[in-house]
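Q: After the C-alpha cells below, expect a handful of questions from me.
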There are 2 protein chains.
Amino acid sequence: MTGFHLNLSLLTPGHFRQAWRLPHVDPLAYLDIGHFERLAKAAEDAGIDAVFLGDGPALGAGIEHAPETGIDPLILLAHLSGATDRLGFVVTSSTTYNSPYNLARRFNALDHVSRGRAAVNIVTTGSPAAAANFGLDKHLDKETRYRRAHEFLDVVTRLWDAWEPGAVVADKESGRYADADLIHPVDHRGEFFSVRGPLPVPAGPQGRPVIVQAGGSEGGLSLAGEFADVVFTVAQTRSKAVAFREDVRRRAAAAGRDPDHVKISLGVVVLVSETEEEARQREQELYATLPLDRLAATVTANLGLSADTFGPDDVITIDDLPDAPPQGAFSAGFNESTRALIAERPRTPRELVHSSAGGAGHRLLVGSAEQVADDLENWFRAGAADGFTVMAADTAVDFENFTRLVVPILQRRGLFQKEYRATALRERYGLPRPRRARPAVRSA
Amino acid sequence: MTGFHLNLSLLTPGHFRQAWRLPHVDPLAYLDIGHFERLAKAAEDAGIDAVFLGDGPALGAGIEHAPETGIDPLILLAHLSGATDRLGFVVTSSTTYNSPYNLARRFNALDHVSRGRAAVNIVTTGSPAAAANFGLDKHLDKETRYRRAHEFLDVVTRLWDAWEPGAVVADKESGRYADADLIHPVDHRGEFFSVRGPLPVPAGPQGRPVIVQAGGSEGGLSLAGEFADVVFTVAQTRSKAVAFREDVRRRAAAAGRDPDHVKISLGVVVLVSETEEEARQREQELYATLPLDRLAATVTANLGLSADTFGPDDVITIDDLPDAPPQGAFSAGFNESTRALIAERPRTPRELVHSSAGGAGHRLLVGSAEQVADDLENWFRAGAADGFTVMAADTAVDFENFTRLVVPILQRRGLFQKEYRATALRERYGLPRPRRARPAVRSA
C-alpha cells in the first residue's frame, strides 16, 4: 500500500471564520505576509505536498463579522514559492472571471518560477457579488458557467501544450533561436472565446500545472472526468465519500482515462491538540464564537427548509427534506454532503453548524493527534480518498499542531512521505506527465 | 542636491536580443528562475530601488531569432518578492487585456506580500498579435486604448482607496469585525467597464502601489499627467529629455498636481566593463550578433521611409523625414527620440540600430564604470531625469557590472543611496502617500 497525499489550507483565521475573536488570535493575520511565510515553512518542514487557498473575487456581506476572501491567492502563493523550495501550491482561479490566455500564461509562469510546484484549482464562481465586479448585471447560470469552463480548459490545456519538444533550437552559429513550425497556435474560435495563441514561452517543468477541480455538481463532475488531475471534494460521511470516489473514477474511465490518474483530495477541518480533553475544550471555545442563529438559518435555508419551521434545536429528519436541493448558488457538493449526514441520523441545525465548522460544509474532525491520525487512516483504507486537504479549525493553533503532532504519526505508520521524493507536484501526487510535457528544448 | 533613483531591467538575454549567441551566454536563461533570483539578489545588495520587466501578452515572429516576451512578469516578480526583503518591483501590465477588478486586486496583493514594494507599469499594448489572444479580430486603435486606460485607472485607483482608515474594527468582545459603512463600493458604470467593488481586503502598506506610465504619445502623456507617479521614458538626446521632463511637469501642474510628485525615469541601455577598451570590444561583439539588414529596414520603415531608398549605410538627414511620423503601432516616444537624434546630425540606419542597442529605441551607453557614472551624472544634473531605468546590453555581464562597478561610484559621489532608507518604494522615490493610504485599521 502506498500512502496518501496531504494538502494544507492557509485560510486565516481558520475554517471557523470567527476564530479571530479568540484571545490568542491576531485578527489581522490574514493580511500579514509574515504569518503566511511561517505557515509555509512549517508545512515544508513537515513534507506537506502543497498549501491551498480558495478564492472568490468579491467582498461578501460577512465582513461585518469576519474576514472572508483574502489577499489574491495567485500573488500570495507566487510570493511563497520564492520563500520555499519543495512545497507545492494549489491556487484557486475562476474560469468565469479570467481570460484563458492570461490564466494559461500565469500558471505556466507559476510552474516555471516554482520549478514545477504549481496547481490550479478551477472553480466557476457562483456569486452575484463577483459578477457585479466584472460588468455582469446577473451572474451566469450554473449550466452556462460549466459550458464556459469546459471551453476554457480546452483552450488552456492546448496553450500549455503549444510548444513541441525541440522547438527551442538555440543554434549560436546560425542565429536560429526557435523552430516556429514546432510552436503551434491554438486558433480557437468557440462559443465564449477566440484565442490564437501560442504562449510566449515553452511549458514549465511539469508540462502542465496540476489541474484541480472543486465542484460537486453534474457540470463539475463532467469537467473533472475530462480534465482534472485531482478532485477536491467534501463529504460528511465515509460511505458518501467512497461512493463519490468510485463515481469520479468511473467518469474518468468513461472519458478514456486511467482512473488512477484522477486523485480524490477530501476536505476535512481538523481541530487537534495534545490530548482529546484539550481539543474538546477548544472545540467549545470555537463554537462559542459562532453567530449560531444566523448560521443555523443559513444551513436550514440551504437544505430548502424554512428557519421559521426549524429553529436551531429542532430535529431535521431525511423525510423533512425536499426531494431535490433548492436551485441557486449554493454548492451541490456541500448540499449532498449535508443530506447524507441527516440520512445517517436526524440532526438539528445547531449540530449541522457544529459538525461543519460553522456551516460551510466540510467535516469537522476533533481529537488528539492519535485520534486524528486514526480517522484519516480509517477513511483512506476504506477507499474514501487518495489524500486529504486539511483545513485548520483555528489556523493560529491547528495548522502547526497538525504538522508537528499528526504528521509524524502518519509518517511512522507509512501513510505519509517522510521526505519529499520529487520536486514536481505532479510526481508527488502520482500523476503522469501529459504527452507534450518534456521541455521544449532540443539541446543545452 | 538629492540623488536619483535607479531601476534595473531584468530583460534576458539583454537589450541586445541576440546576446544569447555569445559564447558565455546561456540561451535558456530567460526561462531559468535561478538566473532571475541571482540578478535580484545582486540588485538588492547594491541598494537598487526596483527591478523592472516589460511585457506584451503574445509571441512575436521574432522567436525564430531570439526570445522576446518571457515568463509572465507579474508572477515572476511576485516570486522574487519572496526571495528578497527590500528590492522593489515594477511590473508591466496592459489595460487593454486585463479587467480593472483583477488588476487592482493583484497589485493590492503584490503590495501586501512585498510589504510595500509594488509598482505597476501601465501600458495599452499596441500589438495585433496580443489582440488575437483575447478575442479581438482587430486591435483597438490608439485613441480608444487610451480612453479605456483612463477609465481603467480611474476605477483601479478608486478600488485601491475603497477601505477608509478605521474600517477594520476587530472588536473581539462584540464580534464586530469591520464597519461596512467605511468600505465603499465604487459603483462604476462607464463606457468600457461596470464595476461595483470594493476589493475584499484593505490597501497594502503603500496605500496605492506606485503607478508608472510608459507611453510617449499624446494619450500616454495625458494619462501620465493625471495618474502617474513615475513616467518611464526614452530619449536619445539630452535636450529632448530635458524638454520632455518639463512637459510632463507642466501637465501634472495643469492637472492640479505638484510637479515634484511625478518622477521621470529615463531608460538607458548600459554596456560597461572595467576599462573602456574592453567595453568597446564587447560592443563590437554585440553588434556582430545583430541581423543588421532586417533591423535597419525596420528602423527605416518606422521613420516613414523606404528601405529601398535608404540602405543600411545611406545617410538620413532631418529633411528626408516626413513631417509627421507614420501612423501605426510603433511607439510615439521611440519615434520622437530617433528623429531628435537625426536632427542633431545625419545618421545611417546602421548607426541608428547600433545607438539604440538593436533598434528598439533606448539610448546605448558604452564605457568604463567611471564613464557610465559621468554620463548619468551629467544627464541628471542637466534636468533630464529624476532617475534611470538601466537596461543591460548583455544581461549575463552588464547587470552585475553595473551593480558591482558603477553603483559604488554613484554612491561615493552622493548621487545614489548607500543603503535602503525605507522599505516602501513610494517613499524611496520621494512620492507622497495618497489621501487614503493609511492602513484601514482602527486599533491593534
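The values are calculated or read from the model by the stated rules, or taken from the named source; none is laboratory data. Not measured: the values here are computed from a predicted model. FYI the Cβ positions are ideal-geometry reconstructions off the backbone, even for glycines, and counts take in every protein chain you see.
Q: Of all the residues that make up the stretch B:160-186, how many are under 20 Å from B:N108 (Cβ atoms), part of a helix (DSSP H, G or I) and more than 9 Å from chain A (Cβ to nearest Cβ)?
A: 2
Q: Could we say that A:S114 is closer than 19 Å to B:A104 by Cα, under 21 Å from the mean Cα position of the chain (by Cα) and within 13 Å of chain B (Cβ to nearest Cβ) here?
A: When the stated conditions are applied, A:S114 does not pass them.
Q: Next up: Among the listed residues B:R363, B:R282, which satisfies the condition of being closer than 19 Å to B:A235 by Cα, in contact (Cβ under 8 Å) with a residue 12 or more places away in the chain and surrounded by 15 or more Cβ atoms within 10 Å (Cβ to Cβ)?
A: After ruling out the rest, the residue left standing is B:R363.
Q: For residues in the stretch B:381-399 being part of a helix (DSSP H, G or I) and either of a type in the set (K, R) or in contact with a Gly (Cβ under 8 Å, 6 or more places away or on another chain) (or both), which is farthest from B:L286 (Cα to Cα)?
A: B:R381
Q: Restricting attention to the stretch A:90-101, does a residue exist that is at the interface with another protein chain (Cβ under 8 Å from one of its Cβ atoms) and touching a strand residue (DSSP E or B) at 6+ places or on another chain (Cβ under 9 Å)?
A: Scanning the stretch A:90-101, I find at least one residue that is at the interface with another protein chain (Cβ under 8 Å from one of its Cβ atoms) and touching a strand residue (DSSP E or B) at 6+ places or on another chain (Cβ under 9 Å), so the answer is yes.
Q: Say whether the condition of being more than 24 Å from A:L292 (Cα to Cα), buried (at least 24 other Cβ atoms within 10 Å of the Cβ) and free of Cβ contacts under 8 Å to residues at least 40 places away in the same chain is met by at least one residue in the stretch A:4-23.
A: Scanning the stretch A:4-23 turns up no residue that is more than 24 Å from A:L292 (Cα to Cα), buried (at least 24 other Cβ atoms within 10 Å of the Cβ) and free of Cβ contacts under 8 Å to residues at least 40 places away in the same chain.
Q: Mind checking whether some residue in the stretch B:74-93 is in a loop (DSSP other than H, G, I, E, B) and without any contact (Cβ under 8 Å) to a residue 24 or more places away in the chain?
A: no
Q: If a residue has to be at negative phi and within 14 Å of chain B (Cβ to nearest Cβ) to count, how many in the stretch A:135-146 make the cut?
A: 4
Q: Taking the residues in the stretch B:44-63 that are more than 19 Å from the chain's Cα centre (by Cα) and assigned to a loop (DSSP other than H, G, I, E, B) as candidates, determine which candidate is nearest to the other protein chains (Cβ to nearest Cβ). I'd like the intermediate steps shown before the answer.
A: First pass over the stretch B:44-63, keeping only residues more than 19 Å from the chain's Cα centre (by Cα): B:45-46, B:59-63.
Subset that is assigned to a loop (DSSP other than H, G, I, E, B): B:46, B:59-60.
Details: B:A46: 19, B:L59: 5, B:G60: 8 Å.
Going through the qualifying residues, I end up with B:L59.
Q: Checking the condition under 24 Å from B:F52 (Cα atoms) and of a type in the set (V, I, T), which residue from B:T84, B:T144 passes?
A: B:T84
Q: I'd like to verify a number: residues in the stretch B:322-380 that are within 16 Å of B:K240 (Cα to Cα) and more than 21 Å from the chain's Cα centre (by Cα), how many?
A: Going through the stretch B:322-380 one residue at a time, the tally reaches 8.
Quick grid of which residues meet (1) under 25 Å from A:G215 (Cβ atoms); (2) outside any loop (DSSP other than H, G, I, E, B); (3) outside the structural domain of A:A235 (by TED's automatic domain parsing):
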| site | (1), (2), (3) |
| --- | --- |
| A:L286 | no, yes, yes |
| A:T298 | yes, yes, yes |
| A:G304 | yes, no, yes |
| A:A307 | no, no, yes |
| A:P312 | no, no, yes |
| A:P322 | yes, no, yes |
| A:N335 | yes, yes, yes |
| A:T338 | yes, yes, yes |
| A:A343 | yes, yes, yes |
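Q: Tell me yes or no: at least one residue of the stretch B:174-193 is touching a residue at least 24 places away in the same chain (Cβ under 8 Å) and in contact with a His (Cβ under 9 Å, 6 or more places away or on another chain).
A: No; the residues of the stretch B:174-193 include none that is touching a residue at least 24 places away in the same chain (Cβ under 8 Å) and in contact with a His (Cβ under 9 Å, 6 or more places away or on another chain).
Q: Restricting the search to the stretch B:117-129, which residues are within 10 Å of chain A (Cβ to nearest Cβ) and modelled with pLDDT of 95 or more?
A: B:A118
Q: Collect the residues in the stretch B:27-43 that are crowded, with 19+ Cβ neighbours inside 10 Å and in a loop (DSSP other than H, G, I, E, B), keeping them in residue-number order.
A: Residue satisfying the conditions is B:P27 alone.
Q: Sticking with this structure for a sec: Can you name the number of the only condition in (1) polar (S, T, N, Q); (2) surrounded by fewer than 19 Cβ atoms within 10 Å (Cβ to Cβ); (3) under 27 Å from A:V91 (Cβ atoms); (4) modelled with pLDDT under 95 that A:Q411 fails?
A: (4)
Q: Let me ask you something else. Filter the stretch B:258-284 down to the residues that are part of a strand (DSSP E or B) and either under 28 Å from A:Y177 (Cα atoms) or not assigned by TED's automatic domain parsing to the domain that holds B:H362 (or both) and list them by number.
A: B:G267, B:V268, B:V269, B:V270, B:L271, B:V272, B:S273
Q: Among the residues of the stretch A:374-383, write down those that are in contact with a Lys or Arg (Cβ under 8 Å, 6 or more places away or on another chain) and either crowded, with 24+ Cβ neighbours inside 10 Å or among the acidic types (D, E) (or both).
A: Once the filter is applied, which keeps residues that are in contact with a Lys or Arg (Cβ under 8 Å, 6 or more places away or on another chain) and either crowded, with 24+ Cβ neighbours inside 10 Å or among the acidic types (D, E) (or both), the stretch A:374-383 yields only A:E377.
Q: In this structure, does B:H24 turn out to be more than 7 Å from every other protein chain (Cβ to nearest Cβ) and in contact with a helix residue (DSSP H, G or I) (Cβ under 7 Å, 6 or more places away or on another chain)?
A: Working: more than 7 Å from every other protein chain (Cβ to nearest Cβ): yes; in contact with a helix residue (DSSP H, G or I) (Cβ under 7 Å, 6 or more places away or on another chain): yes.
Considered against the rule, which asks whether it is more than 7 Å from every other protein chain (Cβ to nearest Cβ) and in contact with a helix residue (DSSP H, G or I) (Cβ under 7 Å, 6 or more places away or on another chain), B:H24 comes out as yes.
Okay, residues lined up against (1) more than 27 Å from A:V234 (Cα to Cα); (2) at pLDDT 95 or above:
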position	(1), (2)
A:A61	no, no
A:I75	no, yes
A:L80	no, yes
A:T84	yes, yes
A:F107	no, yes
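Q: Something else about it: Which residue out of A:A132, A:A149 is modelled with pLDDT of 90 or more and more than 12 Å from chain B (Cβ to nearest Cβ)?
A: A:A149
Q: Condition test on A:E68, is it facing chain B (nearest Cβ under 8 Å), farther than 13 Å from A:Y30 by Cβ and acidic (D, E)?
A: Values: facing chain B (nearest Cβ under 8 Å): yes; farther than 13 Å from A:Y30 by Cβ: no; acidic (D, E): yes.
It is false that A:E68 is facing chain B (nearest Cβ under 8 Å), farther than 13 Å from A:Y30 by Cβ and acidic (D, E).
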